[in-house]
Amino acid sequence: ADKLTLQLKWVTQAQFAGYYTALEKGFYKDEGLDLTIKPGGPDIAPAQVLAGGGADLIVDWLPSALATREKGLPMVNIAQVYAKSGMMLTCLKSSGIKTAADFKGKTLGVWFFGNEYPFLSWMSQLGYPTTGGDDGVTVLKQGFNVDPIFQGQADCVSTMTYNEYGQIMDGGLTPEELVLFKYEEEGVATLEDGLYVLEEDLKDAKKVENYAKFLKASLKGWKWAAEHPKEAAMIVLEYDDTGAQTEHHQTRMMTEVAKLLGSGPEMGYLDPIAFDRTVDILLNSESAPVITKKPVNAYSHIVFDKYKEL
Amino acid sequence: MLAVAEQTTLTEPSLTVKPKREMISVQDLSLVFPSKDGDVHALSNINLSIKSGDFISFIGPSGCGKTTLLRVIADLERPTSGSLKVNGTDAEDARLNRLYGYVFQAPALLPWRNIKQNCALPMEISKQSDAHKNKQIDKYLQMVGLQDFHNKFPWQLSGGMQQRASIARALCLNPDLLLMDEPFGALDEITRDHMNIELLRIWSETQKTVVFVTHSIDEAVLLSTHIVVMSPRPGRILKVIESPLPRLKTLALRDRPEFHALASEIRSALAHEHAID
Amino acid sequence: MLAVAEQTTLTEPSLTVKPKREMISVQDLSLVFPSKDGDVHALSNINLSIKSGDFISFIGPSGCGKTTLLRVIADLERPTSGSLKVNGTDAEDARLNRLYGYVFQAPALLPWRNIKQNCALPMEISKQSDAHKNKQIDKYLQMVGLQDFHNKFPWQLSGGMQQRASIARALCLNPDLLLMDEPFGALDEITRDHMNIELLRIWSETQKTVVFVTHSIDEAVLLSTHIVVMSPRPGRILKVIESPLPRLKTLALRDRPEFHALASEIRSALAHEHAID
Amino acid sequence: MKQKIFSFVSLFIIVIAIWYLAALIMNGNQLINNLERKNQEWTYQQVISQAYEVKRPMLPAPHQVGQELIKSIIDKPVTSKRSLIFHAQITLNSTLLGFVFGSLLGILIAVGIVNNKTLESSLMPWVIASQTIPILAIAPMVVVVLGAINITGVIPKAIISMYLSFFPVTIAMVKGLRSSDKLHEELMHTYSASAKDIFWKLRWYSAQPYLFASLKVAIAAALVGAIVAELPTGAQGGLGARLLSGSYYGQTEQIWAALIVAATLGSILVWLVGLAEKVLLRRRGELTHA
Amino acid sequence: MSQSIKNAVYIALILLQVIIVASSEIGFYKSLPLLILVLIAAAFSMAMLLGQLTNLEGKHKSIKVLIPSLFAFMLLLTWESVIKGYAVSPILMPAPSNIFNALINNIPMLWADFKQTYLKAVLAGYIIGCSSGFIVAQWAVRNQALRDALMPLGNFMSAIPIVGIAPIMVMWFGFDWQSKAAVIVVMTFFPMFINTLTGLQSTDALHKDLMHTYAAKKSQIFFKNQLPHALPFIFNALKLNSALALIGAIVAEFFGTPIVGMGFRISTEVGRMNMDLVWATIVVAAIAGSLSYGALALLEKSLLFWHPSYREGNNSR
Ligand SMILES: Nc1ncnc2c1ncn2[C@@H]1O[C@H](COP(=O)(O)OP(=O)(O)OP(=O)(O)O)[C@@H](O)[C@H]1O
Ligand SMILES: Nc1ncnc2c1ncn2[C@@H]1O[C@H](COP(=O)(O)OP(=O)(O)OP(=O)(O)O)[C@@H](O)[C@H]1O
Ligand SMILES: Cc1ncc(C[n+]2csc(CCO)c2C)c(N)n1
Ligand SMILES: [Mg+2]
Ligand SMILES: [Mg+2]
């Protein structure tokens, strides 16, 4: 069997349930692949692992992938598993925020480490400087969790629909006390979890075939996971070496993640329109330019096409 | 430097001895140092009485417990059994009342203080005035011949000079009781003679009690009113000899037959002990 | 303990002196300790020649540079000017050839080694066999009277016992040249007499050269073939006195007039110096 | 001994009492804020009774942490991923590996510095500067870069442990090796002892008190290094991973339980070093002195 | 060959290496593997030169600075050569020249980060941590019971990993520098405590006896005897802590900060693949840390003039 290594963007959780399911169910083996999954973490940059040769494929978000590409690492999107963005800004009603216009002078929690690009673009579109003061917004580098909203250290925190939002509920806040700003609904959504490889690998037919097989098995895994959230969550728990995840959390995450996945035969296909929209959003943010010019050849359908042929 | 010898004779008339109290009384005192490979009986059944104004010398072979006995008096070592009174109180109270000054066998100067500052230390601790401190230090550094070295640090002095500095430090305090452990061991004969005479003068002028450890028979005879001869393993008192010589002695005394008689008495007591050993 | 004194007289006939080489030669040697508050001239224009088989004593007031001169010979201190030859080579080579043994003014025992292990140290370093080591240690610990204390640690010994241990350590090595800095300063008279006799015996039997610092005039007379009288500030040689006494002396010699004559010659040289001072 | 235990137990009780009080104040405040945000009425009684039961406590009460500890230590077999003992083992492996190599490296560098002037003047400033590089901050990069040359698993973690633990040892050993008594140095000099002899018979001994003091710091540092190195490699187990996931999912009890296990592990390690020190000093015959 | 000719060859070799690095195409070791020999020769030359400089050290004070600088220069040259020669991706590891550029081009930002992390968090935390460690140690040395109780507790506290404390401190003390200072306090307390305690207990037995005979009060024993004896240990802790404090502040910033600070910069720019800026920040940290360490070392030297390791010039060796 051919060896492949996949580097995830974050720790083992239902956000990556499709890959774990495919691995557990032997879908990769069926395709003649021997897959190793490397979990990520808060300060692991998947692109770095890719550059160092520590992985053949990585899961990354498009904005940071494009930014990295501009820095000189020729990485290419070969498939887009998540069709929709799960990012939101979750605010306390009591802070007086009702619309995006109320952000002025407020304190917002944001994830950095390459996850900040969509937020910066949005603020740039709104025309709010992120350096604090009455005219702008004060930005906090949000840690691993959503504590700042409980402790009143921030008016809004970043959340993913499938994870942190649930934690806020668990923490005792009710939807009535909150105002949600989904990036999708604000028109600033960027593409999230996609699969990336090095550009030169795509010149190698053998590798392209392996990636296609990988994609086939992964999507099969994702479909199964979306249909069996409970079982998928259990598989994820199986692979979690920290033993810290709970069934409750992961089942809920799987359910939410399923809503973001592409559907039908187009699952995994990178929609060029969505791609261009992401690029436009990133390019339009003059004050915080994430990328400075339109990327070329930043995605390729060659693997997806090959997968369709298999 | 030696001119002072004459001075001492001049001060002789002022020598009026105070009524004698018991300064140190030791009863059945023993001290054992426990150790894995056999205990060491450093002191065994010591009985001793020292009156105020006495000048007592301990003499005995190396390792016989002289230092240990002095340390017990100074409350630096607790006896294993027996009792001890210093100036009517127990050793600890005497120490807390700053009754005595102690000159160690080694100089024990603090390396971060120069000689003057080292001498100032005990007076700083007993909160004496600066003026008094300076006066005392000048006086005693002069006496031990270190006036030119007052701003040197201990490691810049020779062994004998360090020893003299530590003597000056103890004298500055002007205590009622002086405990001295071979204070002049590292000095040449002439300096030693000078220091002996000075010590005698100070002792008689201030009517201190001095407990003195030495291994020089001549020194013991020259200085003491009483000589305690000790013997080792276990450390015990062989003999206490009361000196027939006058309290205040001069160097000239060394040529007198009484001096030699006393010296040979001590020597034979010691030699007897050595022969047994 | 003192029975050995007789033995020494028995060995006298074997005393055939080797042809004399120059062991130490010092020319115009000076040494200054620089210091912020005025340099200290520890040695000034020293000239000295010591022949192999000599027993030289340095005597002089405290702080006159005796230790410093010994340290220069041992290559522990570099002279500021002048030259020095030890056994025909410079001091460093002599040291590297392990020509000498040094007894410091302080015992300098390693606290983590017991007495026996301390004595073994120099022999370990010069890679001697275990059998030889044990033999030497037993012999010399016996000589200094510490055989019963061989497995005690230094802090379990009295000051004099530590000093004796350090002497045994140096003797174990059996070096051609012995440099001794007040080795017997902390000993009582009887032990000291014994050690003196033993040292004399070893010296004559093995035809060593001994350079000896003392502050006891009697000791200097009893031991030495030559006595170097020094004076301080700056440290210089006042006088070198060649002893008219026989090489191998006994304690009985002390009652002889030649002995006293020599002693008073030294005493007056020293006193003269002190008076100047 | 009795006295020791008594002192320790009383302090332990005091700490627990302060802890309960702090938990009451912190969690209570948070509770009050929550209630006020919802414009609900509240009484002190209500706050006190609920302070030890809030879902995301700022400071979980000792018994809450205790329950979590029992759950994750006693109730789980040690081979289970949910057992803290299991994770402590993972962390311990890289800690010990890093500590051993770090101490050896530290001693080696110190010996080099003490014996060689060129090394001293060229290396010493950079040894110091090396510690101002926040290795903890670049630990993820180290893990990634080492991963790129196929070094994975326990080694990257041990390397970070080593990097943190060699420094205290180097500094203390340089000082310790130079702290031998001047007189003893001179004694060795008169024996024209070789550098090796001077080292093994003198300096090594005078350095030992410094060495052990620094080994205690070093082993604690090695543990911290191992835990930090487990953060970026997130999901692969170890106490660091527990801390991260506890933090990520807002499970405060889990964080505290992992912290307490980490600190206990650290204490045990430091205690073991102290034990080794005592045994050695006793062999040196110095302990009976004190 | 005479020494000066040798030296000329050494210098020429080093210069040759500099020219190779400066003028060659990226990836030159891949095309011409043997060029690496020049690098090795240059490193060897530098070692030889350094060895000679060491012998001159007594004569010129400036050599004390020159040697580590040259050592660093060789290190950087090697680094630059390897990165350029093997065309290592700048996303993995930037070359020193890139780091230097990033440093020069971002001075205002780096200064703001420095102010936030060093001048606020580090200084505050360091001062509080060290002084509280010292204060508790000097209580403990007087009181056996306190010592028995605090030793295990102190051990325990010191073993709590900073990465566990940091999120808690952020939760308790907020996002700004105060929480970082709190982390530093926890980190620096124990080294100071244990070192001070050891130092205070390390007094010479004879000096202890001396103070005992003076019936000195505990405070007098402390200031006049124990404290001077403890100073070498205390300085050890101060120096160690100066490094720990900086690391602590930087790492704590990973767990939440306002968007300024050296730790924030490092973690954020790694995510943005700006490795040159990451390393520029590390360089700032290293300079700040080394300077504080150096200042402490100087202070130590002047206060411990009496200590055998610092005693001023005598002729002995
Ligand atoms: N390390 C030093 N630094 C400065 N001065 C020193 C140093 N060592 C010795 N001296 C000075 O050198 C002089 C000679 O000292 P040395 O130790 O040789 O005297 P000594 O004759 O051995 O005296 P003693 O009989 O008291 O041991 C003294 O005045 C002393 O102050
Ligand atoms: N701390 C100790 N532990 C064990 N034994 C000790 C200790 N201190 C002294 N001794 C033993 O006690 C005995 C008496 O020692 P002490 O120091 O009183 O002798 P000393 O008469 O002062 O001798 P010296 O004239 O040589 O100074 C010695 O045999 C010594 O070995
Ligand atoms: C330091 C830090 N960075 C990001 C996240 C949030 N987060 C967790 S998973 C995920 C999606 C990408 O996998 C995101 C954005 C966090 N909690 N802590
Ligand atoms: Mg004694
Ligand atoms: Mg001397």
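Considering only segment C:105-216, give the helices (runs of 4 or more DSSP H) lying wholly within it that have at least 1 residues that are within 24 Å of D:Asp197 (Cβ to Cβ) and either touching a Cys at 6+ places or on another chain (Cβ under 8 Å) or open to solvent by 40 Å² or more (accessible area, probe 1.4 Å) (or both). It would help to see each step written out before you state the result.
Values: elements: C:115-125, C:130-143, C:159-172, C:189-206.
By residue number, C:115-125, C:130-143, C:159-172.
Just name the residue that is nearest to ligand 4 (Cβ to nearest atom) out of those in segment A:116-135 that are surrounded by 18 or more Cβ atoms within 10 Å (Cβ to Cβ) and without any contact (Cβ under 8 Å) to a residue 60 or more places away in the chain. Per the stated criteria, the residue is A:Glu116. Among the residues of segment C:65-86, those identified as without any contact (Cβ under 8 Å) to a residue 40 or more places away in the chain and within 14 Å of ligand 5 (Cβ to nearest atom) are C:Arg71, C:Leu76.
Check E:Leu197, E:Leu231, E:Leu210 and return the single one that is touching a Gly at 6+ places or on another chain (Cβ under 9 Å), hydrophobic (A, V, I, L, M, F, W, C), open to solvent by less than 20 Å² (accessible area, probe 1.4 Å) and in the same structural domain as E:Gly133 (by TED's automatic domain parsing). Step through it out loud before you land on a result.
Numbers: E:Leu231 fails: open to solvent by less than 20 Å² (accessible area, probe 1.4 Å); E:Leu210 fails: touching a Gly at 6+ places or on another chain (Cβ under 9 Å).
E:Leu197 is the lone residue from the list that is touching a Gly at 6+ places or on another chain (Cβ under 9 Å), hydrophobic (A, V, I, L, M, F, W, C), open to solvent by less than 20 Å² (accessible area, probe 1.4 Å) and in the same structural domain as E:Gly133 (by TED's automatic domain parsing).
Say whether the condition of being in contact (Cβ under 8 Å) with a residue 40 or more places away in the chain, more than 14 Å from chain A (Cβ to nearest Cβ) and either open to solvent by 20 Å² or more (accessible area, probe 1.4 Å) or among the acidic types (Asp, Glu) (or both) is met by at least one residue in segment E:245-265. No, segment E:245-265 contains no residue that is in contact (Cβ under 8 Å) with a residue 40 or more places away in the chain, more than 14 Å from chain A (Cβ to nearest Cβ) and either open to solvent by 20 Å² or more (accessible area, probe 1.4 Å) or among the acidic types (Asp, Glu) (or both). In segment A:157-171 there is at least one residue that is surrounded by fewer than 24 Cβ atoms within 10 Å (Cβ to Cβ), among the aliphatic types (A, V, I, L, M) and without any contact (Cβ under 8 Å) to a residue 40 or more places away in the chain.
Quick check on segment A:130-149: of everything there that is part of a helix (DSSP H, G or I) and more than 7 Å from chain E (Cβ to nearest Cβ), which residue is nearest to ligand 2 (Cβ to nearest atom)? Full working, then the answer.
Filtering segment A:130-149 for residues part of a helix (DSSP H, G or I) gives A:147-149.
Subsequent filtering for residues that are more than 7 Å from chain E (Cβ to nearest Cβ) retains A:148-149.
On the way: A:Pro148: 63, A:Ile149: 67 Å.
Per the stated criteria, the residue is A:Pro148.
Determine whether E:Ala182 is touching a Leu at 6+ places or on another chain (Cβ under 7 Å) and open to solvent by less than 30 Å² (accessible area, probe 1.4 Å). Even if it seems obvious, please write down each step before you answer.
Details: touching a Leu at 6+ places or on another chain (Cβ under 7 Å): no; open to solvent by less than 30 Å² (accessible area, probe 1.4 Å): yes.
Considered against the rule, which asks whether it is touching a Leu at 6+ places or on another chain (Cβ under 7 Å) and open to solvent by less than 30 Å² (accessible area, probe 1.4 Å), E:Ala182 comes out as no.
The single condition from (1) part of a helix (DSSP H, G or I); (2) away from chain A (no Cβ under 14 Å) that D:Ser180 fails is (1). Screening E:Asn225, E:Asn236, E:Asn241 for residues that are touching a His at 6+ places or on another chain (Cβ under 8 Å) and not hydroxyl-bearing (Ser, Thr, Tyr) leaves exactly one candidate, E:Asn225. Only one entry of E:Leu303, E:Leu299 meets the criterion of being hydrophobic (A, V, I, L, M, F, W, C), open to solvent by 50 Å² or more (accessible area, probe 1.4 Å) and over 25 Å from E:Lys120 (Cβ atoms), and that entry is E:Leu303. All of (1) open to solvent by 70 Å² or more (accessible area, probe 1.4 Å); (2) part of a helix (DSSP H, G or I); (3) at pLDDT 85 or above hold for A:Val296 with one exception: (2).
Close contacts from segment C:185-199, counting a first residue that is more than 19 Å from B:Asp188 (Cβ to Cβ) and a second that is among the β-branched types (Val, Ile, Thr) and more than 14 Å from ligand 2 (Cβ to nearest atom), with Cβ to Cβ under 7 Å and a gap of 6+ residues or different chains, come to C:Ile197/C:Val4; C:Ile197/C:Thr8; C:Glu198/C:Val4. Among the numbered conditions (1) within 8 Å of another protein chain (Cβ to nearest Cβ); (2) acidic (Asp, Glu); (3) crowded, with 24+ Cβ neighbours inside 10 Å, the only one that D:Glu230 does not meet is (1). Looking at B:Gln105, B:Gln156, B:Gln136, can you tell me which residue is in contact with a helix residue (DSSP H, G or I) (Cβ under 7 Å, 6 or more places away or on another chain) and within 13 Å of chain C (Cβ to nearest Cβ)? Only one candidate qualifies: B:Gln105. Taken over segment E:146-174, the criterion of being open to solvent by less than 20 Å² (accessible area, probe 1.4 Å) and not in a helix (DSSP H, G or I) is satisfied by E:Pro161, E:Gly174.
Condition first: assigned by TED's automatic domain parsing to the domain that holds E:Gly125, closer than 30 Å to B:Gln128 by Cβ and among the aromatic types (Phe, Trp, Tyr). Can you find one or more residues in segment E:215-225 that meet it? Steps first, please.
Initial filter on segment E:215-225 (assigned by TED's automatic domain parsing to the domain that holds E:Gly125): E:215-225.
If we keep only those that are closer than 30 Å to B:Gln128 by Cβ as well, we get E:215-225.
Checking the rest, the ones that are also among the aromatic types (Phe, Trp, Tyr) come to E:222-223.
Scanning segment E:215-225 turns up at least one residue that is assigned by TED's automatic domain parsing to the domain that holds E:Gly125, closer than 30 Å to B:Gln128 by Cβ and among the aromatic types (Phe, Trp, Tyr).
If you go through segment A:70-115 and keep only what is open to solvent by less than 40 Å² (accessible area, probe 1.4 Å), touching a Leu at 6+ places or on another chain (Cβ under 9 Å) and over 27 Å from A:Glu176 (Cα atoms), you end up with A:Leu73, A:Met75, A:Val76, A:Asn77, A:Ile78, A:Ala79, A:Gln80, A:Val81, A:Tyr82. The residues in segment D:139-153 that are more than 17 Å from E:Pro94 (Cα to Cα) and at the interface with chain A (Cβ under 7 Å from one of its Cβ atoms) can be counted, and the count is 1. Taken over segment E:133-157, the residue count meeting the criterion of being under 25 Å from D:Leu265 (Cβ atoms) and more than 9 Å from every other protein chain (Cβ to nearest Cβ) is 5.
Summed over segment A:253-283, the residues that are surrounded by fewer than 21 Cβ atoms within 10 Å (Cβ to Cβ), in a helix (DSSP H, G or I) and not hydrophobic (A, V, I, L, M, F, W, C) give a count of 9. Tallying residues that are within 12 Å of chain B (Cβ to nearest Cβ) and either open to solvent by 20 Å² or more (accessible area, probe 1.4 Å) or of a type in the set (Phe, Trp, Tyr) (or both) within segment C:69-80 yields 1. Might you let me know whether segment C:11-26 holds any residue that is over 26 Å from C:Ala106 (Cβ atoms), modelled with pLDDT of 90 or more and either within 16 Å of ligand 5 (Cβ to nearest atom) or open to solvent by 50 Å² or more (accessible area, probe 1.4 Å) (or both)? The answer is no; no qualifying residue exists. Tell me, please, whether a residue that is of a type outside the set (Val, Ile, Thr) and more than 14 Å from chain D (Cβ to nearest Cβ) can be found in segment A:36-52. No - not one qualifying residue is present in segment A:36-52. Might you let me know whether segment A:105-120 holds any residue that is more than 20 Å from the chain's Cα centre (by Cα), of a type outside the set (D, E, K, R) and assigned to a loop (DSSP other than H, G, I, E, B)? Within segment A:105-120 (the criterion being more than 20 Å from the chain's Cα centre (by Cα), of a type outside the set (D, E, K, R) and assigned to a loop (DSSP other than H, G, I, E, B)), the answer is yes, since at least one residue qualifies. Only residues that are outside any helix (DSSP H, G or I) and without any contact (Cβ under 8 Å) to a residue 60 or more places away in the chain were counted in segment C:87-104, giving 3.
The values are calculated or read from the model by the stated rules, or taken from the named source; none is laboratory data. Everything quoted here is computed from the prediction, not taken from an experiment. Please note: Cβ atoms are built from the backbone with ideal geometry, for glycine as well, and neighbour counts cover all protein chains shown. Keep in mind that these areas ignore ligands, DNA and RNA; they rest on the heavy atoms of the full protein, side chains included. Shrake-Rupley method; radii C 1.70, N 1.55, O 1.52, S 1.80 Å.
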